[in-house]
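What follows is a short report on a single structure.
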Amino acid sequence: MRTVKIAVASVMMSAALYGCSKGGEAPAPQAPPVTVATPLARQVVDWDEVTGRFEATRSVDVRARVGGYIQAVHFKDGDFVRQGQLLFTLDPRPAQAALASAQAQLSQAQAQLTLARSEFARAEGLLASQAVSQAEVDSKRGAVAQAQAAVSAANAAIRARQLDVEFTRVTAPIAGRVSDRRVDPGNLVGGGSSAGDVLTTIVSSSPIYFVFDGSEALALKYQREARTGGPAPIRIRLQDEASYDRVGTLDFTDNAIDSASGTIRLRAVVPNADGFLKPGMFGQAQLAGGGAYQALLVPDSAVATDAARRVVMVVNADGSTAARAVQTGPLVDGLRVIRSGLKPTDRVIISGGQRIQMPGMKVQPKNGTIAPVAPKAGDAPVTQAAPASSASFANAG
């Protein structure tokens, strides 16, 4: 009896399944949900990105102008020094002794000049009475001239020795940040030439140069716009900074392109009132091209690649999708600039686009918004260089 019941149940279940499969149809797939938003319209500026190094506007190797023993050091390593500030003192006694000797030679020359003048005056008086010859008078006149020249030479020697005494005080030739001392008191140093011992170095701190190399193609673009604009602005960030907060202007371009590398050297002037920027630091810079222009921006994730073109998926009024070929620009605050191919009223798919298998597919759009991405401290910058922007050289012709 149990076997019969199981068999009947099996027959009834099979009949039910057969009826369902024959009389019913599979349900149609539902349209996938997506998030759409109109492009963000705002004014943007294209920037060209370069890497460069900071350099001091002035740099001096401090050397003594006379040799001698270092008697004292009058600064602390790393101090900011003023122009003319005393840095080192050399033992002045040898220079003072040389000055005293020169002064004695001047006294001797002056005495000889007085004697020569007296003898010349006496000879002129005797010439009237024919007591001396004209040749002797001319000789006395020459002796006076020689004595005058000796006095002039002695005066020049005194000025030279006075300079030597002055040069025993080594002062800062420029204002700036001084390095550490290279010699300590008690050392004998050479001076008076470029081969003399370097006592320390000084670099100016404000303003500071930012030097970098630009490509020949970039230089051509800049030079074509140089006649219509002023110095090109530049903004800079350091390697640990997220935003380009340091600003400057181009003030120099080199006079030739390097034939080996195809690049040209450029330089910008950057304010550095607090002295934070140091020569030798690396920086990432962006040079402004033309003026600001109105652009449409979408999330970079909304831009896809279709063979050799860039496309953006949009939703039509009937809920169907379509692929729009677009021309893209740089990233600005995390959003991709769309130069052409989109209208301000297009509903761009900004989320859920991976669910679309082919253009024309129906979707369920949900409204969203497109907003700029603010940089966070420690993050990489969200503004990238435009592939073809333009700026102007300060001295290009």
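Every read-out reported here was derived from the displayed coordinates using simple, explicitly stated rules and does not represent laboratory data. Because the structure is a prediction, the values reported are computed rather than measured. Heads up, the Cβs are rebuilt from the backbone with ideal geometry, glycines too, and the neighbour counts pull from every protein chain shown.
Using the Karplus curve 6.51 cos²θ - 1.76 cosθ + 1.60 with θ = phi - 60°, what ³J(HN,Hα) values do you get for each residue of region 254-264, in whole Hz, with x for Gly and Pro?
Result, rounded to whole Hz: 5, 8, 7, 8, 5, 5, 6, 9, x, 10, 10.
Please identify which residues in region 177-197 have an amide N closer than 15 Å to a label point set 7 Å out from the Cα of residue 69, following the Cα→Cβ vector.
Inside the label zone: 184-190.
Take the Cα pairs of region 92-167, get the Kirkwood Rh, then feed it into Stokes-Einstein at 37 °C and 0.692 mPa s and tell me D in µm²/s.
238 µm²/s
Assuming 0.36 nm per residue, please report the length gained on full extension of the stretch residue 115 to residue 281 beyond their Cα-Cα distance.
52.8 nm
What are the residues whose amide H is under 5 Å from the amide H of residue 263, where those residues sit 5 or more places off or on another chain and H is modelled from the backbone?
Those lying under 5 Å, H to H, from residue 263 are 258.
Could you give the length gained on full extension between residue 128 and residue 256, defined as 0.36 nm per residue of separation minus the Cα-Cα distance, in nm?
Result for the pair: 38.4 nm of gain on full extension.
Can you give the net charge of the other residues whose Cβ lies under 12 Å from the Cβ of residue 331, counting K and R as +1 and D and E as -1?
Cβ neighbours under 12 Å give a net charge of -3.
Under 5 Å between amide hydrogens, which residues at least 5 positions from residue 328 or on another chain qualify, with H placed 1.01 Å from N in the peptide plane?
HN-HN under 5 Å from residue 328: 339.
With a point put 7 Å past each Cα toward its Cβ, work out how far residue 323 is from residue 339 in nm, to one decimal.
With each label point 7 Å from Cα toward Cβ, the separation is 2.1 nm.
Would you please give the FRET efficiency between residue 249 and residue 201, computed as 1/(1 + (r/R0)^6) with r the Cβ-Cβ distance and R0 = 25 Å, to the nearest 0.05?
0.35
Apply the Karplus curve 6.51 cos²θ - 1.76 cosθ + 1.60, θ = phi - 60°, to the phi angles in region 94-102 and return the couplings in whole Hz, x for Gly and Pro.
The phi angles translate into x, 5, 5, 5, 5, 5, 4, 5, 5 Hz.
Which of the aspartates and glutamates could a cross-linker bridge to residue 362, judged by Cα under 18 Å and excluding same-chain residues fewer than eight apart?
Cross-link targets: 318, 346.
Can you give the local net charge around residue 364? Use residues other than it whose beta-carbon is closer than 13 angstrom to its beta-carbon, Lys and Arg +1, Asp and Glu -1.
Result for the local shell: +3.
Assign one of three labels to region 124-242, namely rounded, prolate or oblate, based on the Cα gyration tensor with a ≥ b ≥ c the square roots of its eigenvalues; rounded applies when a/c is under 1.5, prolate when it is not and a/b is larger than b/c, and oblate otherwise.
oblate
Between residue 294 and residue 85, take the C-beta separation as r, use R0 = 51 Å, and let me know the FRET efficiency to the nearest 0.05.
0.40
Using Cα pairs under 8 angstrom and six or more residues apart, how large is the relative contact order of region 92-167, in percent?
The value is 52 percent.
Give me the one-decimal nm value for the distance between modelled label points at residue 97 and residue 194, 7 Å along each residue's Cα-to-Cβ direction.
3.3 nm
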